Amino acid sequence: MRLVTGTLILALISPMVYAAKLYRFKVDGQVIMKDHVPPEYAQMGYEVLNDQGLVVKHVQRAATAEELAAKEAKEAIKAARIERIRVRREADQALLRVYSKPEDVERARKRKVDNINGYISLQQRRIADLTEKLEKAQARAANYERSGQEIPVDKRLEIAQLQNQIRESHSNIKSRNVEKVESTKVYAEEYSRMMLLLKYPPGTLESDIPLDALNND
C-alpha cells in the first residue's frame, strides 16, 4: 500500500514538474512551445508557463549592441548631469557663504573697482614724478654732450633706471585695467547667480530654468 501511494504521488507530481518547464518563444513570427529553450534562441526572450498554461515569468530578450551603446550613452549623460549639479551646488554654497543678498555683490564690486582705480591713480602720479625726474636727468646729460664731455656712467644709469620704472608703472596700470574688466565680469555673474538663488535652490542648472525667467532676471 505504501508503494502504491508513493507511485500515485509521483504520477500526480511528475506532470506538474514537467509542465512547469514549458517555454514559449517566437521564431520568425511563429510561436513555439518546448520543454527547453534552444541555445540559439535563448537571446530572443521567452515566457515560462505553469501547468495551467499561465505565464509565470517573462525573460526579456538580450539587448543588441546598438541598444547597449544607447543605454551607456544615456547613463553617461545622466552621470554628467549629476556631476554638474554637484559642482554647481558647491559653487552656490560657497557664494552664499560670502554674500547674503545680491546687493552685497554690488558693494563688493564697487570696493574692488575703487581700490583698482586708487592704485592706478597712484601709478599715474608716480609716472608724472618719474617723467619729471627723467627729463631733468636727460637735460643734465645733454649739457655734458654739448660741452663735449662724455656722460658719466652714473648719469646714464639713472636715466635707464627712471625709464624702466616708468615702463613698470605703465605695465602695472595695464594689468590693473585688465583685472578691473575681468573682476567686473565675475561680479556680474555672481550678482546674476545671487538673483537666481532668491528663487531657486543651490545646485539648480541654468538649463533647468525657464528662458523667460532668465531674461526677466
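Dipole magnitude for the range 142-210: about 160 debye, using +1 per Lys or Arg Cβ and -1 per Asp or Glu Cβ, origin at the Cα centre. Indicate the gyration tensor shape class of the range 33-156 (rounded, prolate or oblate), computed on the Cα atoms with a ≥ b ≥ c the square roots of the eigenvalues: a/c under 1.5 is rounded; otherwise a/b larger than b/c is prolate and the rest oblate. Oblate, because a/c is 1.5 or more while a/b does not exceed b/c. For the range 104-217, the residue among 159, 211, 142 whose Cα projects farthest onto the positive side of the dipole built from Cβ charges is 142. Annotation: amide H-H contacts under 5 Å for residue 32 (H modelled 1.01 Å from N, sequence separation of 5 or more, or interchain): 25, 26, 27. State whether the range 60-118 is rounded, prolate or oblate according to the following rule on the C-alpha gyration tensor (a ≥ b ≥ c being the square roots of its eigenvalues): a/c under 1.5 gives rounded; otherwise a/b larger than b/c gives prolate, and the remaining case gives oblate. Cα axes put the range 60-118 in the prolate bin. What separates the Cα centres of the range 158-172 and the range 35-94 is a distance of 69 Å.
Along the range 52-63 the Karplus relation, 6.51 cos²θ - 1.76 cosθ + 1.60 evaluated at θ = phi - 60°, assigns HN-Hα couplings of 9, x, 8, 6, 10, 7, 10, 10, 5, 5, 5, 5 Hz to successive residues, with x for each Gly and Pro. Is the range 132-217 best put as rounded, prolate or oblate by its Cα gyration tensor, with a ≥ b ≥ c the root eigenvalues, rounded for a/c under 1.5, and otherwise prolate when a/b is larger than b/c, oblate when not? Prolate, because a/c is 1.5 or more and a/b exceeds b/c. Residues of the range 88-121 with amide nitrogen under 19 Å from the 7 Å Cα-to-Cβ point of residue 175? Under 19 Å, as judged by backbone N against the label point of residue 175, lie 112-121 of the range 88-121.
Computed from Cα atoms, the angle from the helix 2-19 axis to the main principal axis of the chain rounds to 50 degrees. Helix-only arithmetic for the chain: the sum of -39500 (n - 2.57) across DSSP H runs with n ≥ 4, divided by the residue total, places the mean residue ellipticity at 222 nm at -24500 deg cm²/dmol.
How much length is gained if the chain between residue 62 and residue 107 is pulled fully straight, taking 0.36 nm per residue apart and subtracting their Cα-Cα distance, in nm to one decimal? Write down the numbers at each step before the final one.
Numbers: separation 45, 0.36 × 45 = 16.20 nm, distance 6.12 nm.
Between residue 62 and residue 107, full extension yields 10.1 nm more.
If I compute Cα extents along the principal axes in Å from the structure I just sent, which labelled value in [x] 54, 43, 36; [y] 49, 38, 37; [z] 144, 45, 40 lines up? Comparing each candidate, only [z] matches the computed number.
Residue-wise HN-Hα couplings along the range 26-41, as the Karplus relation 6.51 cos²θ - 1.76 cosθ + 1.60 with θ = phi - 60° gives them from phi, are 10, 10, 6, x, 9, 7, 10, 10, 9, 8, 7, 10, x, x, 5, 10 Hz; Gly and Pro carry x. If I fit a long axis through the Cα atoms of helix 153-197 and take the longest principal axis of the Cα atoms of the chain, what angle between them do I get, 0 to 90°, rounded to 10? Once rounded, the angle reads 40 degrees. Between the beta carbons of residue 206 and residue 78, assuming R0 = 25 Å, the FRET efficiency works out to 0.85 to the nearest 0.05. How far is helix 65-98 tilted off the main Cα axis of the chain, in degrees rounded to 10, range 0 to 90? On a 0 to 90 degree scale, this one is about 40.
Throughout, read-outs are computed from the coordinates displayed, never taken from laboratory work. Keep in mind the model is a prediction, meaning the values are calculated, not measured. All Cβ positions, even for glycine, are placed from backbone atoms using ideal geometry, and neighbour counts span all protein chains on display.
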